[in-house]
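Okay, structure first, notes after.
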Ligand SMILES: Nc1ncnc2c1ncn2[C@@H]1O[C@H](COP(=O)(O)OP(=O)(O)O)[C@@H](O)[C@H]1O
Ligand SMILES: [Mg+2]
């Protein structure tokens, strides 16, 4: 039998009508069966896959967007939800041991949710990711979705906010109805935006009410979707918010070891004349976030290309760094 992860991917992509993902998952199942020397089954599956595919193309429109019926804001027609691509995997994200094990624990709970349920328990579903900007909170939500083979759906807080006068609760209800009906990873990215005062005192009361509506809906939510809110450390949410979440996962800027691993991942395939293990090179990036480091590296690689060099050199990195700092001042 194909592994649980593959079966989940297969069924999930089928339900969503995502033909590309369905095909990829089917091919992986076939490969797995062939490796186990189940050749008859593998041949049969291949016939099914490629045979049906041709027919499907004619009378069936598999769309990339299986989740088509996204609710929108009645006032301005803006969508309240948006599907995000899910591409990156666990190996692509560099985290501290603590953060990684917190995430792994959550993933394990979901992979073994049947066992938990048989004991009357549920996996952690309402998660708060916090930490400074650019350290992988949003990326981690993508990886949760990928690992659990769920679509990633961004809750457009801007659409919610723009319609605060009266309609907010109704919009939120639509969002929660949707994520109750469809199992997804629902990302409330930069959740603190909801609590930010927009400087317009007339709006303040409405904002406060909106935060309360979100919190009430979070409390009342018992569906299958995973809800992930992200926020920056600096804007601490009050206790009323924190206690609503099953788990709080903290993200941090990378230490020297993590910087080395990040360099290795981000510079894979780039020819270079230095070692990513070097303390001297990693030390250049001390104090920067993962996203900052990625941006500096991109700058450095661009320079390497534009100056016609074959190898990335430490000088390119130093140059890019000094331009980055200049940028920030
Ligand atoms: N921990 C990390 N490991 C690898 N790449 C990262 C990490 N954190 C950030 N990045 C890179 O920076 C980009 C922006 O990071 P993001 O996840 O949006 O940060 P945050 O949500 O914490 O502000 C990511 O898409 C990824 O390319
Ligand atoms: Mg983010």
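A short reminder: the numbers here are calculations on the coordinates, not readings from a lab. Quick caveat, the model's predicted, so the values are computed rather than measured. Neighbour counts run over all protein chains shown; Cβ positions are idealised from the backbone, glycine included.
Given R₀ = 30 Å, what would the calculated FRET efficiency be for residue 28 paired with residue 222, taking r from the Cβ atoms and rounding to 0.05? For residue 28 and residue 222, the calculated efficiency is 0.40. Simple spin-label estimate for residue 92 and residue 240 gives 3.8 nm between the two label positions (7 Å along the Cα-to-Cβ direction from each Cα). Panel order for 230, 276, 307, 147, by other beta carbons found within 10 Å of each beta carbon, from fewest to most: 307, 276, 147, 230. Applying 1/(1 + (r/R0)^6) with r as the Cβ-Cβ distance of residue 270 and residue 318 and R0 = 22 angstrom yields a FRET efficiency of 0.85.
Note on residue 38/residue 111: beta-carbon distance plugged into 1/(1 + (r/R0)^6) with R0 of 25 Å gives a FRET efficiency of 0.55.
Each residue in 188, 311, 22 was given a count of other beta-carbon atoms within 10 angstrom of its own, and listing them fewest first yields 311, 22, 188. Exposure proxy for 252, 27: other Cβ atoms within 10 Å of each Cβ, ordered fewest to most, give 27, 252.
Highest mean first, what order results for 279-285, 298-304 on Cβ atoms within 10 Å? List each step's numbers first, then the result.
Values: 279-285: 15.9, 298-304: 17.7.
Ranked by mean Cβ neighbours within 10 Å, highest first: 298-304, 279-285.
Show me 102-110, 128-136 ranked by packing, highest mean number of other Cβ atoms within 10 Å first.
128-136, 102-110
Summarising the label geometry, the points placed 7 Å from Cα in the beta-carbon direction at residue 101 and residue 15 lie 3.3 nm from one another.
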